[in-house]
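The values are calculated or read from the model by the stated rules, or taken from the named source; none is laboratory data. Because the structure is predicted, anything quoted here is derived from the model rather than measured. Neighbour counts are summed over all protein chains in view; Cβ atoms, including those assigned to glycine, are modelled from backbone coordinates with ideal geometry.
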Amino acid sequence: MITGNKGEWSEIYALFKLLGDKQLFLGNKDIEKLEGLVYPIIKILRSENNGNFEYSIQDEIILISGNEEILKIPISEFKDKALFLLNAIKKNKERTFSIPEIEDFMQSINCFSLKASSSAKTDITIVVHDQRTNQQPTLGFSIKSQLGSPSTLLNAGKTTNFIFNIVGINLTENEIRDINSIASRSKIMDRIVQIQNKGGQFVFVKTERKIFSNNLVLIDSLLPEILSQIVFDFYSSEFSNLTDLVNKTADKNPLNFDIENEHKFYEYKIKRFLTDVALGMMPSKVWTGKYDATGGYLIVKENGDVLCYHIYNRNEFEDYLLNNTKLDTASSSRHGFGEIYEENEELYFKLNLQIRFTK
């Protein structure tokens with residue numbers, strides 16, 4: 001029996017829904033359909049552990065090839081099963097669950113697992129017809145579902161810690177212990193406030209891991225400084241949405257960019273960063289800057305719509321990433337941040353970067 005969580009079942013839902021719709025809708029920054037922009041779907045490719053399968057659309061029939069025999073399934077069946085599956089995912093309260101009626105249908109169409117083969121870079125690959133260019137690009141997607149809990153874009157780790165030097169004060173061991181023992185719900189913000197109240201200032205030094213720093217510098221040489229400001233503002237203010245944090249940083253203009261002509265330096269650079277994270281940059285691995293050329297997201301909305309964001313339509317993709325992400329506080333004990341520590345008679349404080357989708 002196949003079991004999975006809401007996000008995993010959403011992958012199968014997306015397959016059924018897209019085959020039923022026969023077209024791919026593009027989304028805007030507010031996760032609404034972009035009017036007048038659709039890609040007719042020619043076929044969907046899916047890697048299973050027992051081989052690769054093609055789901056080709058021909059009028060009102062789906063042709064499924066990959067095994068010796070070619071299956072022919074009416075599109076209406078995919079529409080019906082998509083609706084049934086959507087309701088089943090929404091209704092279910094368990095962390096993981098099975099849906100026997102859907103499993104039977106899956107097996108009849110050579111679909112044996114919820115997730116595409118782990119060797120595949122993408123969850124689903126779609127060949128579309130682009131009416132603007134008259135081309136048939138092959139687009140690969142990761143599937144993000146709003147039916148479950150919001151997923152992370154950048155996972156926390158010691159790899160994503162930013163190190164700050166505390167300057168302007170000398171603290172006794174007792175004072176350090178008192179500040180580090182603050183255990184309120186907003187303990188990290190409260191510790192920062194205490195340090196500032198005593199006259200301390202936070203000066204960014206570096207990221208904890210060199211690889212992450214170099215990855216950031218590869219994207220933009222000033223990214224470590226810009227992100228350090230955004231991370232600090234997150235922990236020391238009420239803002240968490242990236243749009244707010246970027247605007248706040250732009251207003252302060254800590255890097256003294258020439259903004260006389262209203263260049264959006266900070267927004268532009270953060271969008272580049274988010275795009276690279278979305279398309280493969282990981283803090284712990286050397287980033288070459290090469291995207292998986294077929295990179296993008298399919299968003300399964302709560303109402304069942306499936307919207308596409310793709311590097312092929314870069315502006316919409318970047319706007320979506322910036323407008324639908326926020327910073328999040330990970331476990332400070334696990335990732336080793338949020339406490340004053342001493343090194344070579346200097347005081348330091350680490351803050352962590354984790355980015356999550358807002359829904």
Kindly indicate whether any position in the range 114-122 is of a type in the set (Gly, Ala, Ser), closer than 30 Å to PHE232 by Cβ and in a loop (DSSP other than H, G, I, E, B).
no
Specify the residue that is nearest to TRP9 (Cα to Cα); the eligible residues are those in the range 266-312 that are of a type in the set (Gly, Ala, Ser) and part of a loop (DSSP other than H, G, I, E, B).
GLY304
Restrict the check to the range 53-62 and report whether at least one residue is assigned by TED's automatic domain parsing to the domain that holds LEU114, more than 24 Å from the chain's Cα centre (by Cα), within 13 Å of CYS111 (Cβ to Cβ) and touching a residue at least 60 places away in the same chain (Cβ under 8 Å).
no
Sort through ARG334, ARG356, ARG314 and tell me the only one that's within 19 Å of THR207 (Cβ to Cβ) and charged (D, E, K, R).
ARG334
Return the residues of the range 166-192 that are farther than 15 Å from GLU343 by Cα, outside any loop (DSSP other than H, G, I, E, B), within 36 Å of the chain's Cα centre (by Cα) and in contact (Cβ under 8 Å) with a residue 12 or more places away in the chain; say none if nothing qualifies.
ILE179, ASN180, LYS187, ILE188, MET189, ARG191, ILE192
Could you list, ordered by first residue, the pairs with Cβ atoms under 9 Å in which the first is in the range 85-109 and in contact (Cβ under 8 Å) with a residue 40 or more places away in the chain and polar (S, T, N, Q) and the second is assigned to a loop (DSSP other than H, G, I, E, B) and surrounded by fewer than 17 Cβ atoms within 10 Å (Cβ to Cβ), at least 6 apart or interchain?
THR96/THR3; SER98/MET1; SER98/THR3
Please indicate, with yes or no, whether at least one residue in the range 71-93 is under 30 Å from SER149 (Cα atoms) and part of a strand (DSSP E or B).
no
Looking only at the range 17-33, how many residues end up being closer than 14 Å to LEU139 by Cα and out of contact with any Leu (no Cβ under 6 Å at 6 or more places or on another chain)?
3
Scan the range 285-299 and tell me whether some residue there is over 30 Å from ARG209 (Cβ atoms), under 15 Å from the mean Cα position of the chain (by Cα) and not assigned by TED's automatic domain parsing to the domain that holds ASN87.
yes
Kindly list the number of the only condition in (1) touching a Phe, Trp or Tyr at 6+ places or on another chain (Cβ under 8 Å); (2) within 26 Å of PRO40 (Cα to Cα); (3) buried (at least 16 other Cβ atoms within 10 Å of the Cβ) that fails for ILE89.
(2)
Given (1) in contact with a strand residue (DSSP E or B) (Cβ under 8 Å, 6 or more places away or on another chain); (2) at pLDDT 95 or above, where does ILE62 come up short, assuming only one miss?
(2)
How many residues are of a type in the set (A, V, I, L, M) and in contact with a Leu (Cβ under 6 Å, 6 or more places away or on another chain) when one looks only at the range 279-299?
1
Could you grab me the full set of residues in the range 131-165 that are within 25 Å of LEU242 (Cβ to Cβ) and assigned to a loop (DSSP other than H, G, I, E, B)?
GLN146, LEU147, GLY148, SER149, PRO150, SER151, ASN155, ALA156, GLY157
Identify the single condition in (1) among the acidic types (Asp, Glu); (2) over 29 Å from GLU11 (Cβ atoms); (3) not in a loop (DSSP other than H, G, I, E, B) that ASP258 does not satisfy, given that it satisfies every other one.
(3)
Criterion: in the same structural domain as ASN134 (by TED's automatic domain parsing) and under 26 Å from ASN323 (Cβ atoms) - qualifying residue of LYS17, LYS22
LYS17
Tally time: how many residues in the range 95-106 are among the acidic types (Asp, Glu) and within 24 Å of the chain's Cα centre (by Cα)?
0
Just checking, which of GLU175, GLU94 is assigned by TED's automatic domain parsing to the domain that holds GLU208 and acidic (Asp, Glu)?
GLU175
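Each row is one residue, and each column tells you yes or no for (1) in contact (Cβ under 8 Å) with a residue 60 or more places away in the chain; (2) of a type in the set (A, V, I, L, M, F, W, C); (3) surrounded by 16 or more Cβ atoms within 10 Å (Cβ to Cβ).
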residue: ASN215; (1), (2), (3): yes, no, yes
residue: ASP233; (1), (2), (3): no, no, yes
residue: LEU245; (1), (2), (3): yes, yes, yes
residue: ASP251; (1), (2), (3): no, no, no
residue: PRO283; (1), (2), (3): yes, no, yes
residue: VAL286; (1), (2), (3): yes, yes, no
residue: TYR291; (1), (2), (3): no, no, no
residue: GLY296; (1), (2), (3): yes, no, yes
residue: VAL300; (1), (2), (3): yes, yes, yes
